Protein chains: 2
Amino acid sequence: MKTTLHNFLISALTIDNEFIDTKSIKDWVKKQNEEVVVKVHPKRLEELDKWHFDKATADLVHDSGKFFSIIGLDIKTNWGKVSHWQQPIINQPEIGILGIITKRFNGILYFLMQAKIEPGNINYVQLSPTLQATKSNYTKVHQGRSPLYLEYFNGEKPATVLVDQLQSEQGARFFRKRNRNIIVEVEDELAMHPNFVWLTLGQIKHLLKFDNLINMDTRTVISCINFGSYNSEVTDFYSTLRSKNGQKQDFELDMLISALNSEKALHRIDTVISWITNLKSRFDLEVNRIPLKEVNHWKRDEFQIFHEDGKYFKVIGVEVEIGNREVQRWCQPLVESAQEGIMAFIIKKINGVYHFLVQAKLESGNFDVIEMAPTVQCLTGNYRAGQQEYTPAFLDYVLAAKPKQIRLSSYQSEEGGRFFQEQNRNMIIEADDNFSEEVPENFIWMTLNQMLSFIQYNNYLNVEARSLISTVRFI
Amino acid sequence: MKTTLHNFLISALTIDNEFIDTKSIKDWVKKQNEEVVVKVHPKRLEELDKWHFDKATADLVHDSGKFFSIIGLDIKTNWGKVSHWQQPIINQPEIGILGIITKRFNGILYFLMQAKIEPGNINYVQLSPTLQATKSNYTKVHQGRSPLYLEYFNGEKPATVLVDQLQSEQGARFFRKRNRNIIVEVEDELAMHPNFVWLTLGQIKHLLKFDNLINMDTRTVISCINFGSYNSEVTDFYSTLRSKNGQKQDFELDMLISALNSEKALHRIDTVISWITNLKSRFDLEVNRIPLKEVNHWKRDEFQIFHEDGKYFKVIGVEVEIGNREVQRWCQPLVESAQEGIMAFIIKKINGVYHFLVQAKLESGNFDVIEMAPTVQCLTGNYRAGQQEYTPAFLDYVLAAKPKQIRLSSYQSEEGGRFFQEQNRNMIIEADDNFSEEVPENFIWMTLNQMLSFIQYNNYLNVEARSLISTVRFI
C-alpha cells in the first residue's frame with residue numbers, strides 16, 4: 001500500500017470487504033428490518049406522553065425542556081418573490097454528535113456502521129453512523145445508559161480525530177440547527193455489537209445508488225471528507241484498480257479528478273467567496289421567533305399542525321413501540337412533508353473537469369442567511385407546475401433529462417427521528433452540450449474539489465448539497 | 001518585475017513611493033488635521049437631533065429607523081465565570097462596505113487612501129479606506145450625494161475584485177455586525193480628490209508602527225489579504241531587496257515565512273477546525289434582545305447610559321460640527337470606553353516558523369458564538385488587577401515583557417464613527433525560551449499562513465486579531 005495516498009481515498013476506491021460483500025449488506029439490513037418489531041401509531045397531539053403545548057405560546061415542547069420543540073417564526077426578506085411569511089419550525093438548539101469510528105484492517109480504513117431504527121424511516125432500519133447522540137445523551141445529563149462507543153468520541157478512550165466539523169441541517173425545517181460531524185480512527189480492538197458492521201467508504205458510496213439504505217446522518221458525515229490532491233500516484237493506483245476490475249470507468253475517474261484537482265476550476269476560490277459575499281450583503285433575512293399560536297395561515301386540529309392550503313408540511317404526533325421482548329415505547333411529534341421533493345445537481349465538463357452548478361439559497365432557518373445548495377432543491381413545495389409560488393430555475397431541465405444524462409437517481413430519506421417517511425429524489429444530471437456556461441446571478445459553477453474546501457470551513461454547503469456530494473463515487 | 005510573485009506581496013515589500021515618501025505622509029495627515037475645523041460637544045441624549053428613545057423599549061434609535069441603534073441584550077452562557085448578564089449593545093444590522101481601490105503604477109500595486117474625519121477619533125483625521133459606506137449610502141436610499149469612488153464598487157465602472165469578504169466587528173460592542181471588506185484593482189485613470197493619496201501596502205504597514213494614523217476600517221480590510229505561497233523566487237526577491245536596503249531584517253523575513261509557508265505548522269488546519277468545533281459544541285451562547293430600559297445594572301441620566309459601577313463603557317450624546325466655510329452639523333450617540341485596553345499576540349518560533357498564540361473567545365455579539373482572538377484581549381474591562389471579574393490568561397506575561405521581546409507596541413483607534421476617543425494598545429510580544437508550547441484548552445498555536453486561510457473563509461478571526469495581523473510587516 002502506497003502511504004502517500006490519502007487513507008480516505010483508498011477506502012473510497014475499495015469495494016472488496018473482507019468482512020461482508022456489498023450484496024450481502026442489503027440482505028443484512030433487510031434481515032435487521034425483519035427481526036425487529038416497530039409500531040408507529042398516530043396519536044392526538046394533546047395526548048403525547050411527556051409533551052405539552054406551552055400555555056403562553058402554544059409551542060409544542062417536551063416536558064423536560066430538552067430534546068426539541070415546535071416554535072413559530074416570522075420571516076422578512078428581500079430575497080425571492082415572497083417577502084414576508086410565518087411558519088412553524090423545529091427548534092433544537094443543542095449541538096449533537098454524528099460520529100463514525102474508522103479502523104484500519106490490512107491497511108484499509110473501514111467505517112463502523114450501525115443498523116439503526118428510526119420511527120420516521122420508511123423502512124425503519126437504515127445504516128447510520130456509529131454514534132448519533134444529542135448533547136443530553138453525551139453529557140449524560142439524564143444519567144441514563146450511555147450510547148455505545150461514546151467513549152471514543154469524548155476522550156475516554158484513545159482515538160485520532162480525522163474530521164470534526166459543525167454542519168447545518170435543513171434550513172426550511174430546523175431553526176439554525178447544527179451538528180458536529182466527526183470521524184475518528186481507532187487502534188483498539190473494538191467490542192462488536194450485533195447491529196454494527198464494518199464497511200469501506202467505497203461500499204457506502206455504492207449503496208447510495210439504492211433507495212433509503214444510507215441514512216441522512218451518514219450522508220452528511222461522509223460528505224465532510226477531503227480526499228487530498230491529484231498526483232501521478234493516484235493515476236497509477238487508479239489504472240491498476242481499473243485493469244483489475246476489467247471495466248471502463250471514465251465517469252468515476254472524471255469525478256475523482258474533479259474532487260482532487262485544484263487547478264482547473266472555472267473560478268478561483270476568491271471569486272466564489274466574493275460571489276456569496278455579494279449576495280449575503282444585498283439580501284436581508286430578518287427572522288423573529290413568535291408564539292406558534294400566532295403563526296398566520298397555519299392551523300391546529302386534534303392530530304396535526306398544518307398549513308390551511310395543505311402546503312409544505314404538517315406536524316403530527318406518533319406513539320412508537322420498538323422491540324420484540326424488551327419493548328421501548330415513547331411518544332413524539334414528527335414532521336410530515338406534503339409531498340416528496342427533488343434535489344439535483346446539474347454537472348458539466350468545463351476546461352476538461354466536471355463542474356457542479358451550485359445555487360445560492362436563502363432559507364428561514366439558515367445560520368448565515370445564504371448557503372450553497374444543489375442546482376434544484378424543492379423539498380418543501382410541490383414541484384409540479386402551478387402548485388408553488390414560482391417554478392424553480394432548472395427544474396424543467398432536470399425533469400426532462402434523457403436517461404443517458406442521469407448519472408444518479410435514487411430516493412434518500414431525511415432524518416427518521418424528526419421526519420415521517422420523508423424521502424427525496426437525489427439526482428445528478430449531466431448537462432448536454434448546448435447547456436450554457438452562463439448562469440443566473442445566484443448560481444455558480446464549482447468543481448467538487450472547491451465544494452469540499454468550502455465544506456471543511458463549515459456552514460457553506462447546505463445538507464441537501466452535502467447529501468448529493470456524499471453519493472459521488474470514484475469507482 | 002517577476003510576474004509569478006503575488007502583487008500584494010510586492011506592494012507589501014515596497015516602501016519607496018513615487019508619489020509621496022513615508023515620512024511626508026505623517027506631515028500630510030497632520031496638515032489635513034490642522035486645516036479642518038472639528039467641534040464635538042456633549043449633548044443631552046434627549047436633545048440629540050433626529051434621535052429619540054423608543055417609547056416602549058427606551059432603545060436609543062434614529063428617527064429614520066436606519067443607521068444604528070442602542071438596544072439591550074440578555075446573555076446566558078456556560079463559558080467563563082459570568083454565566084448571565086445584560087448589557088446595552090450597538091445594533092447595526094445592515095452590511096456596509098469598506099472598500100479600497102488599488103491601481104498598478106510601474107508594476108506596483110498602490111492603495112488609494114483617504115484622510116477621513118471621524119468625530120470620535122482622538123486626532124479627528126486618520127487614513128481610511130477609499131470608501132466607507134453604509135448600505136443606505138451605497139444603495140442611494142436617501143438620494144443624497146453618492147460617496148466618492150462608489151462607482152468602482154457597485155459595478156458602474158470596471159474594476160477587478162481582488163478581495164471581497166464579510167468580516168465581523170467588535171463582538172462586545174456590536175450585535176452581530178458584519179461589513180463587506182473589498183479590495184478592487186482599477187485600470188482607469190482616476191480623478192484624484194484632495195484628501196486622497198496613493199500608498200503602497202508596505203507604507204501602510206510601516207505607518208502602523210505609529211499611534212492612531214491608520215483607522216480601524218483600513219486595518220480590517222488589509223488584514224484580509226493573502227500573500228500566496230513561499231518559493232525560491234520569494235527568497236531571491238527578498239535577498240535582492242535586503243542587499244539594496246543594506247539592512248538586516250531577520251524578524252521581518254521570519255514573519256514573511258510564517259505568512260507564506262503552509263507546511264511547517266504545529267497543527268494541521270483540520271486539527272485547528274476540530275479545536276474550535278469542540279469549543280463551539282460544548283459552550284452555549286443564548287442571546288436575547290431585551291428593551292434597553294430593562295437592562296440590569298445599567299442606568300441612564302441626562303447625558304449618558306452607564307453601568308452603575310462605572311465599568312465597561314457608557315453611551316454619550318454629541319453634537320458634531322465639521323468644516324471651515326461649508327459647515328456640516330449633526331448629532332449622534334457615541335460609545336465611550338471606561339478605560340483603554342490591550343490586545344496582544346504572543347508569538348514563538350516552533351519548528352523554525354513563528355506561531356501566534358490564538359485564543360478562542362466568546363463575546364455576546366459574535367455571529368457564531370466563538371471567534372479566534374488575540375492571546376490577550378481586554379477592551380471592555382479594566383485590565384488592572386482587582387478591577388475585573390477575573391484576570392485574563394497571559395496578561396501578566398504581556399505586561400511584564402522586556403523591551404527586546406516587544407516586537408510591536410502602538411496605540412490604534414477603534415472606529416471613530418461609533419466610539420469616542422477609544423484607543424487600544426496593540427502589541428506583539430515574543431515569548432522567551434522558557435515559554436511553554438503547552439497551552440490551556442482555549443488557546444492554540446497557529447502560523448500567520450493558517451490565520452490568513454481562516455480569515456479568507458469569513459468570521460473566524462475577530463476584529464481585534466485582524467487589527468494585529470494588519471500590523472505585521474515583511475520589510
Check your understanding: Given the conditions (1) under 30 Å from B:ASP16 (Cβ atoms); (2) in contact with a Pro (Cβ under 8 Å, 6 or more places away or on another chain), which single one is not true for B:ARG104?
Key -> (2)
Study note, to complete from the structure: Taking segment B:448-459 and keeping only residues that are of a type in the set (Phe, Trp, Tyr) and either touching a His at 6+ places or on another chain (Cβ under 7 Å) or open to solvent by less than 10 Å² (accessible area, probe 1.4 Å) (or both), one is left with B:PHE454
**Study point:** Pairs with Cβ under 6 Å, 6+ apart, first in segment A:350-369 and farther than 15 Å from A:ASN278 by Cβ, second open to solvent by 20 Å² or more (accessible area, probe 1.4 Å) and acidic (Asp, Glu)
**Key:** A:TYR354/A:ASP254
**Study point:** Subset of segment A:432-473 that is acidic (Asp, Glu) and away from chain B (no Cβ under 14 Å) - its residue that is farthest from A:LEU253 (Cα to Cα)
**Key:** A:GLU438
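Each row is one residue, and each column tells you yes or no for (1) within 20 Å of A:SER337 (Cα to Cα); (2) under 15 Å from the mean Cα position of the chain (by Cα).
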{"residue": "A:GLN412", "(1), (2)": "yes, yes"}
{"residue": "A:ARG425", "(1), (2)": "yes, yes"}
{"residue": "A:GLU438", "(1), (2)": "no, no"}
{"residue": "A:ASN442", "(1), (2)": "no, no"}
{"residue": "A:TRP445", "(1), (2)": "no, no"}
{"residue": "A:SER453", "(1), (2)": "no, no"}
{"residue": "A:THR471", "(1), (2)": "no, yes"}
{"residue": "A:ILE475", "(1), (2)": "no, no"}
Practice item. Would you tally the residues in segment A:340-368 being assigned to a loop (DSSP other than H, G, I, E, B) and away from chain B (no Cβ under 14 Å)? Key: 6
**Study point:** Test for A:GLY365: is it open to solvent by less than 30 Å² (accessible area, probe 1.4 Å) and small (Gly, Ala, Ser)
**Key:** yes
**Study point:** Yes/no for A:SER262 being within 14 Å of chain B (Cβ to nearest Cβ), closer than 30 Å to B:PHE153 by Cβ, small (Gly, Ala, Ser) and in contact (Cβ under 8 Å) with a residue 24 or more places away in the chain
**Key:** yes
Point to revise | Given (1) out of contact with any strand residue (DSSP E or B) (no Cβ under 7 Å at 6 or more places or on another chain); (2) of a type outside the set (A, V, I, L, M, F, W, C); (3) touching a residue at least 60 places away in the same chain (Cβ under 8 Å), number of the condition A:SER410 does not satisfy | key: (1)
**Study point:** Residue check, A:LYS116 away from every other protein chain (no Cβ under 14 Å) and free of Cβ contacts under 8 Å to residues at least 40 places away in the same chain
**Key:** no
Practice item. Mind listing whichever residues of segment B:312-339 are within 20 Å of B:ALA373 (Cβ to Cβ), part of a strand (DSSP E or B) and of a type in the set (Phe, Trp, Tyr)? Key: B:PHE313
Check your understanding: On the given criteria, is A:VAL287 surrounded by fewer than 20 Cβ atoms within 10 Å (Cβ to Cβ) and within 14 Å of chain B (Cβ to nearest Cβ)?
Key -> yes
Review point. Farther than 23 Å from B:ILE122 by Cα, touching a strand residue (DSSP E or B) at 6+ places or on another chain (Cβ under 9 Å) and among the hydrophobic types (A, V, I, L, M, F, W, C) - does that describe any residue in segment B:228-250?
Key: no
Check your understanding: For segment A:201-244, which residues satisfy the criterion of being of a type in the set (Gly, Ala, Ser), open to solvent by 20 Å² or more (accessible area, probe 1.4 Å) and touching a residue at least 12 places away in the same chain (Cβ under 8 Å)?
Key -> A:GLY228, A:SER229
Check your understanding: Which strands (runs of 3 or more DSSP E) does segment A:1-120 wholly contain that include 1 or more residues that are of a type outside the set (A, V, I, L, M), surrounded by 14 or more Cβ atoms within 10 Å (Cβ to Cβ) and touching a Leu at 6+ places or on another chain (Cβ under 9 Å)?
Key -> A:51-53, A:69-77, A:84-91, A:96-105, A:108-117
Practice item. Scan (1) at pLDDT below 95; (2) surrounded by fewer than 23 Cβ atoms within 10 Å (Cβ to Cβ); (3) not small (Gly, Ala, Ser) for the single condition B:ILE350 breaks and write down its number. Key: (1)
Check your understanding: For segment B:154-200, which residues satisfy the criterion of being open to solvent by 20 Å² or more (accessible area, probe 1.4 Å), in contact (Cβ under 8 Å) with a residue 40 or more places away in the chain and within 14 Å of chain A (Cβ to nearest Cβ)?
Key -> B:ALA159, B:LEU162, B:PHE175, B:ARG176, B:ARG180, B:GLU185
Practice item. Just give me the residues in segment B:121-137 being among the hydrophobic types (A, V, I, L, M, F, W, C) and open to solvent by 10 Å² or more (accessible area, probe 1.4 Å), in sequence order. Key: B:ILE122
Review point. Any idea which of (1) at negative phi; (2) in contact (Cβ under 8 Å) with a residue 60 or more places away in the chain is the one A:ARG268 doesn't satisfy?
Key: (2)
Review point. Can you find a residue in segment B:460-475 that is without any contact (Cβ under 8 Å) to a residue 24 or more places away in the chain and surrounded by fewer than 22 Cβ atoms within 10 Å (Cβ to Cβ)?
Key: no
Exercise for review: Kindly check whether there is at least one residue in segment B:92-99 that is within 14 Å of chain A (Cβ to nearest Cβ) and under 30 Å from B:PRO392 (Cα atoms).
Suggested key: yes
Exercise for review: Scan segment A:407-425 for residues that are among the aromatic types (Phe, Trp, Tyr) and under 15 Å from A:GLN332 (Cβ atoms) and report the count.
Suggested key: 2
Check your understanding: In segment B:265-284, which residues are crowded, with 18+ Cβ neighbours inside 10 Å and more than 14 Å from chain A (Cβ to nearest Cβ)?
Key -> B:ALA265
Check your understanding: Before we move on, is A:GLN328 more than 30 Å from A:TYR230 (Cα to Cα) and crowded, with 18+ Cβ neighbours inside 10 Å?
Key -> no
**Study point:** Residue count, segment A:138-153 (criterion: away from chain B (no Cβ under 13 Å) and either buried (at least 18 other Cβ atoms within 10 Å of the Cβ) or not polar (S, T, N, Q) (or both))
**Key:** 10
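The values are calculated or read from the model by the stated rules, or taken from the named source; none is laboratory data. Note that this is a predicted model, so its numbers are computed, not measured. Quick reminder, even Gly has a Cβ in these numbers, built from the backbone with ideal geometry, and neighbours come from all protein chains shown. Ligands, DNA and RNA are stripped out before the accessible areas are found, and what is left, the full protein with its side chains, is counted by its heavy atoms. Shrake-Rupley method; radii C 1.70, N 1.55, O 1.52, S 1.80 Å.
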